[in-house]
Amino acid sequence: MAKRKDGVQDRLEHFAKLGRMAEEAVRTGKPVPPMEDRVVKPFADPIQNVIEFTTITREYHHPFHYKNITHHCFCNDPSNAGIEINPCNSIDGRTDPYKPEPGDYIELVEERPIVRLVIIGSACTPPGWVAIEAEECEGFRRPDEMVELMPVRMRIENLWGTHVRGDCWIKDGTDTGIPLPEHFTNNWPYNYQTDFPKTHRYTQVTANNYPLAGMSCAIFELPASKKVRIMGGSLTYGWTNDGASSGDNHYSFRMIRADVLGKYEAVEE
């Protein structure tokens, strides 16, 4: 019958065994085992135990006001689509796009290790992208591994689906259509007109006649990690007559699901 024990402890025991083998090789001046006897060259590992685990899914919704989520965001956009993230870390997506600071991101910390992330949202101007950085838990890195050779960084591109851009959405001086939310008209960041709420009250383009309107989803499977940083943006393919494309780099985050570890066991078969 198979024996089970904590998976992290099993990994650490395996690494300790490798350390003792390395010390023996130094002492004797011979590789342990000899290179010609290694099943997986150049590694000297003995047989490993498979890991079995269960997960618990935790779901977060915008505006992501949770005790374990920190916003590192400078973008101030009142869009109803979700939380706007700008990869250029500019104040409104159009000014000072070459700051040396990192781009905007959402930082999620869990008590249990995170092994899967599902990001649901929409690009401003598709195709969009979503990327993550993670700080892995103990037991993933081998003792002889150089972390900087392969940091936990992942990126998914070519995500289609968009929230309708403001320059398409708003129709000037019109009293027909769908009314815009009050907080949208009163806080539009590119508003240089004092009468903006009066002249920009209704929509021109809606999802019915804008076929790209919709959501996208990025799914990441990652090493067990307790902290992740989530970023996103748009691969804006602008034209010479498109005055907005250079600034519409945002990605709007609507929902985050994190699968965290339940049981994590090594199976000695």
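Would you say Glu52 is more than 30 Å from Pro143 (Cβ to Cβ), of a type in the set (Asp, Glu) and at pLDDT 95 or above? No. Close Cβ contacts (under 7 Å, 6 or more residues apart or on different chains) running from residues in segment 125-148 that are closer than 26 Å to Tyr264 by Cβ to residues that are part of a loop (DSSP other than H, G, I, E, B) comprise Glu133/Val152; Ala134/Val152; Glu136/Val152; Val147/Arg141. The set of residues from segment 22-48 being under 30 Å from Lys263 (Cα atoms) and not acidic (Asp, Glu) comprises Val40, Phe43, Ala44, Pro46, Ile47, Gln48. The C-beta contact set for segment 13-33 (first residue touching a residue at least 24 places away in the same chain (Cβ under 8 Å), second residue polar (S, T, N, Q), distance under 8 angstrom, 6+ apart or interchain) comprises His14/Gln48; His14/Asn49. The criterion of at least 1 residues that are of a type in the set (Val, Ile, Thr) is met by the following strands (runs of 3 or more DSSP E) wholly inside segment 1-75: 50-61, 69-72.
The values are calculated or read from the model by the stated rules, or taken from the named source; none is laboratory data. What you are looking at is a predicted structure, and each value in this text was computed from that prediction instead of being measured. Note: ideal-geometry Cβ built from the backbone for every residue, glycine included; neighbour counts use all protein chains shown.
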